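Each remark here refers to the structure printed beneath this line.
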Amino acid sequence: MPVFLAETDVELTVTHVHGRDETARHLHDLGIVEGAKVRLLSREGKSVILVLGGSRIALDSGLASRIMVS
């Protein structure tokens, strides 16, 4: 499921990042790769805030829709 549909405050595992373009590389550079543990902190409007390691990452819906989690 896309990360923006996940429950908040639950540890999730990234299963896939869609695309092979510059945007997917940008997510990879942020540490959002297959197997990474993330937590959806909040979802407001068309943006989400993820916790990855000790960092918070804000993403718009376009980027968040590329991140599949379980």
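Each value in this text was obtained by applying a stated rule to the coordinates, not by laboratory testing. Not measured: the values here are computed from a predicted model. Using ideal geometry, Cβ is built from the backbone for each residue, glycine included, and neighbour counts are taken over all protein chains shown.
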- Residue-wise, which Karplus ³J(HN,Hα) couplings in Hz belong to the range 63-69, taking 6.51 cos²θ - 1.76 cosθ + 1.60, θ = phi - 60°, and x for glycine or proline? 6, 4, 5, 7, 9, 9, 10
- Message: I'd like the projected area of the chain, averaged over all directions, using the convex hull of its alpha carbons. Report it in nm² with one decimal.
- Response: 3.9
- Query: Which of these, Asp29, Asp60, Asp21, has the largest mean-square fluctuation under a Gaussian network model of the chain (Cα springs below 10 Å)?
  - Reply: Asp21
- Site His18, offset 7 angstrom along Cα→Cβ, radius 18 Å on amide nitrogen, limited to the range 48-65, gives 48, 59-65
